[in-house]
1. Helix 201-226 versus the longest principal axis of the chain: what angle, 0 to 90°, nearest 10, using Cα atoms?
2. Computed over the Cα atoms, what is the radius of gyration of segment 17-84 divided by 2.2 N^0.38 Å, N being its residue count?
3. Quick one: angle between helix 179-197 and the longest Cα principal axis of the chain, in degrees between 0 and 90, rounded to 10, please.
4. State the answer as a single residue: which of Met182, Gly78, Val23 lies farthest towards the positive end of the charge dipole of the chain, with beta carbon charges of +1 for Lys and Arg and -1 for Asp and Glu, about the Cα centre.
5. Which of Glu87, Glu202, Glu118 ends up with the largest GNM mean-square fluctuation for the chain, with Cα atoms connected below 10 Å?
6. Provide the packing ranking of 33-41, 62-70, i.e. peptides ordered by the mean count of other C-beta atoms within 10 Å per residue, highest first.
7. Please give every one of the lysines within straight-line cross-link reach of Lys157, meaning a C-alpha to C-alpha distance under 17 Å, and leave out same-chain neighbours fewer than 8 residues apart.
8. At q = 0.20, 0.24, 0.26 Å⁻¹, what is the log10 ratio I(q)/I(0) for segment 84-134, with the Debye formula run over Cα points and no solvent?
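The values are calculated or read from the model by the stated rules, or taken from the named source; none is laboratory data. Owing to the predicted nature of the structure, the values given are computational and were not obtained by experimental measurement. Please note: Cβ atoms are built from the backbone with ideal geometry, for glycine as well, and neighbour counts cover all protein chains shown. The protein model used for the area step is the full one, side chains on, heavy atoms only, and it has no ligands, DNA or RNA in it. Shrake-Rupley method; radii C 1.70, N 1.55, O 1.52, S 1.80 Å.
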Amino acid sequence: MSPTLSTRDAIAQLRGNSLANLVQAEIERMILDGEIGPGEKLTEAALADPLGVSRGPVREAFRMLEEAGLVRTEKNRGVFVRDVPIEEALEIFEVRAAMDLYVGRKLAQTLRPAEVRELRQLADAMDRSAKAGNAPDYHRVNLQFHDRLLALAGNAKLVATYRKLIKELSLFRRKNLTGESMIVSAREHRQIVKAIAAGDAEAAGRAMYQHVMNSRERTLRNHEKSKIPA
């Protein structure tokens, strides 16, 4: 028995969507890793060939990336990687801080010893990367740490919103990873874990809130420095 036309169409669409998701994930990685910079134009042809796909999945990937806030489409001009204005970045930090305040309080009341050990291991890994001056490794583990905190909080809607904000801040966060700032940031992560391990909800929430606001301040300082003529 051969499948109906509608069934074949559904299967073809499913395959197309799965491929578009893979393409979207790879282009997103390239943007977040800095391989494609803010303001850079994306073209279907230039991406389809090296990824070994047709232009259709790339076109669908562009749509998903726009929904995620990573690219923008300009009429008659094309698709470009978003360059998030500093004013918007500072607002995102403030929203993140409010969310992290809640997360810190909740985790201090709910985490089990094994989960605390997992967070401590990630904080230790960041500490080693900071001391070695390894910014790419620090950035990777830092993302894992915060994503794990969100996952442990057990709120799917919060996780989805937070991840979108994190992606939009990616460029600014990488610029913050200088030698001294990594040491300071690593210390802040250890304070977060310490407060959560102690079961101190107010201290944990405050530590997470202040960590994000400190990142906001570092971002603003770096931006102001970049405007000073050499």
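1. With both axes taken from Cα atoms, the answer is about 70 degrees.
2. Relative to the rule-of-thumb radius for its length, segment 17-84 sits at 0.99.
3. 80
4. The Cα lying farthest towards the positive end belongs to Met182.
5. Glu87
6. 62-70, 33-41
7. Within reach: Lys106, Lys167.
8. Reported log10 I(q)/I(0), two decimals: -0.88, -0.88, -0.89.
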